[in-house]
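Take a look at the structure set out below.
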Amino acid sequence: MRHGLPAISPPIITLLKSCNTLRCFEQIHVQIIHKGFEHDNYLISNFISGCCTSFSLLRYATTVFNSVSCANTCLWNSLLNGHCNYSSLSSSLSVFSAMRASSEGVPDKYTFPPLIKCCSNELDVFVGVGIHGLLIKYGVEDNVFVGSSLVDFYGKCKLIGDAQKVFGEMPDRNVVSWTCMLVGYVNCGDLVSARRVFDAMPKRNRVSWNAMICGYVKLGELNSARKLFDEIPSKNVHSYTTMIDGYAKCGDMASARFLFEECLAKDLVLWSALISGYAQNGLPKEAVKSFQEMQFSNTRPDEHIMVSVMSACAQVGNLELANEIDSYMSRSSFDLQRTHVAAALVDMNAKCGNMERAMSLFHNMPKRDLVSYCSMIHGHALHGQGTEAIKLFYNMLSEGLMPDDVAFTVILTACSHAALVEEGYCLFDMMKSKYSITPSPNHYACMIDLLGRSGHLEAAYDLLKSLSVENHSESWGTLLGACRLHCDTDLTEVVASRLVELEPCNAGSFVLLSNVYAAADRWLDVSIVRKQMIGRGLRKIPGCSWV
DNA sequence: GTAGGGTTAG
């Protein structure tokens, strides 16, 4: 195609390497057309590969590709790779079909790895196996890249026997093929085999070390993970992230923090591991503090970090901070429409008391799922807006969403906070009969709270008596609080003595019982209870009662 | 004659 043309394309290729925006690609495309290179496969292939670095540019790459009169295999592969990385399996498959239907685009060893990777990402066993058959027809199954991607595919789909078979038949294996096999075993929960592969590997790189450590972390074997972590010949930030994540998962944030400090090259993902660890372990103040430290170190947060920070803020219920974060999110170029971002924003605003903002965000969500509905309902519950909560709950049902046990916990909480007894009963029945959800101790606690708060103490007591004793101490505590609220001394005595049996080491029930006696001027009983308490070695812990 | 592909982390 390029016979006799002046050597003008290399400068365009140089330009392409530094190009990353649509505007920039458009300008170069104009140049290509202007110089008459639009059918130069070599140049266009470079152009398309450069263009296929983001989803937004993929459409443009496709347009440019379509203007080429006669695309060769390499050009098809560039386009296909872009679709596999930034689009869906189905759109990649239509490119693949078009390629096979064309006269020049014969699939080769470069065609299949991206396609198989796409099948692994979508865990599409059916398509993946079909493609495996096809690639044998094209005679590329001996290629090490093709083989590795197949091992990875079967491993990710938990078809470990097939992964082993492909791995065993590979004529050449390299460190990537071995690592794919290792990851496959980890995926199937077989750490022993994974370790066997790790020990047998002729060569290891950082990725293989991290994959093995990640395996231990995923399956909760933190000691083995740490032992291997200390043996890594050269750690990188990924190794630290994996290990910190492991500590966070088992709640050991002190060790996580220690490793975090030790890692010198902190990147965004490392900060994220620390911050989300704090947020998920109920340490919201530390999460927010670390977030501020991160900003201080000139690291710009991304949406993953912001979701963690918003969850932390929701936990502390700090309205001022919530407003700050909210306006920061709007000012910066975050996409507030993305499901998990929007859900976190709604949840934070609802929990911190800005219900108006929460409502408007909620109604502007492109798709409201069960979680976002529950955040909103929970927000109403926290602010005693039971009627709104119930309205929203029925809205959710009419949208066809299937409530789960958490949704019912939330709506029952809303009913109890607003003393909506009949509605609560009705929903409790609906949960059991219509949705076949067996009430958990939590659900019972909500019902006891609902009945107790609204003064139906006997009904609450009867319901509680009908349950097995185990797992319901929280409900007994709830009822005790209600008895105290309604000054029912007789029932308090009964419930508190029951609770003393259930949790003989909990000072709270003793304290409550003695308080009730005190309020009724029964000072002799007060001193008996206090003596019992001291006799058991219990002291009153400040702020530990239920009322 | 050139170009295009596979593994770890939130």
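Structure above, values below:
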read-out: Separation of the A:Cys505 and A:Ala520 label points, Cα + 7 Å toward Cβ, nm; value: 3.0 nm
read-out: Dipole of chain A [Lys/Arg +1, Asp/Glu -1 at C-beta], most positive-end residue of A:His39, A:Leu150, A:Pro504; value: A:His39
read-out: Difference of contour (0.36 nm per residue) and Cα-Cα distance, A:Cys250 to A:Arg59; value: 64.4 nm
read-out: Per residue, in Å², the accessible surface of chain A once ligands and nucleic acids are set aside, probe 1.4 Å; value: 49 Å²
read-out: Separation of alpha-carbon centers, region A:442-508 and region A:57-130, rounded to whole Å; value: 64 Å
read-out: Overall form of region A:1-106 per C-alpha gyration tensor (a/c, 1.5; a/b vs b/c); value: oblate
read-out: Surface share of carbon and sulfur [accessible, 1.4 angstrom probe, percent] for chain A; value: 54 percent
read-out: √(5λ) per eigenvalue of the Cα gyration tensor, region A:449-547, largest first, Å; value: 21, 16, 11
read-out: Proximal lysines to A:Lys367, defined as alpha-carbon separation beneath 19 angstrom and excluding residues fewer than eight positions away on the same chain; value: A:Lys391
read-out: A:His29 accessible area, assembled protein chains, probe 1.4 Å, Å²; value: 30 Å²
read-out: Cβ charges +1 (Lys, Arg) and -1 (Asp, Glu), total dipole of chain A, debye; value: 1220 debye
read-out: Reachable lysines, given that their alpha-carbon falls under 26 Å from the alpha-carbon of A:Lys137 and they are not under 8 places away in the same chain; value: A:Lys109, A:Lys117, A:Lys156, A:Lys158, A:Lys165
read-out: Cross-link partners of A:Lys285 among lysines (Cα-Cα below 24 Å; sequence separation of 8 or more within a chain); value: A:Lys249, A:Lys266, A:Lys351
read-out: Distance in nm between pseudo-label sites at A:Lys285 and A:Ala265 (7 Å out along the Cβ direction from Cα); value: 3.6 nm
read-out: Part-to-part distance (alpha-carbon centres) for region A:384-411 and region A:328-356, which is given in Å; value: 20 Å
read-out: Taking all pairs of distinct alpha-carbon atoms in chain A, Kirkwood radius in angstrom; value: 28.6 Å
read-out: Listed residues A:Gln295, A:Pro233, A:Ser97: farthest to the positive end of the dipole of chain A (Cβ charges); value: A:Pro233
read-out: In nm, spacing of pseudo-spin labels at A:Arg206 and A:Ser360 (7 Å Cα→C-beta vector); value: 4.6 nm
read-out: Rounded FRET efficiency, nearest 0.05, which uses the C-beta distance separating A:Gln532 from A:Leu370 and R0 of 60 Å; value: 0.80
read-out: Region A:1-106, dipole about Cα centre (Lys/Arg Cβ +1, Asp/Glu Cβ -1), debye to the nearest 20; value: 120 debye
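The values are calculated or read from the model by the stated rules, or taken from the named source; none is laboratory data. Note that the structure is predicted; figures quoted are calculated from it, not measured. Please note: Cβ atoms are built from the backbone with ideal geometry, for glycine as well, and neighbour counts cover all protein chains shown. Accessible surface is based on the protein model in full, side chains and every heavy atom, while ligands, DNA and RNA are left aside. Shrake-Rupley method; radii C 1.70, N 1.55, O 1.52, S 1.80 Å.
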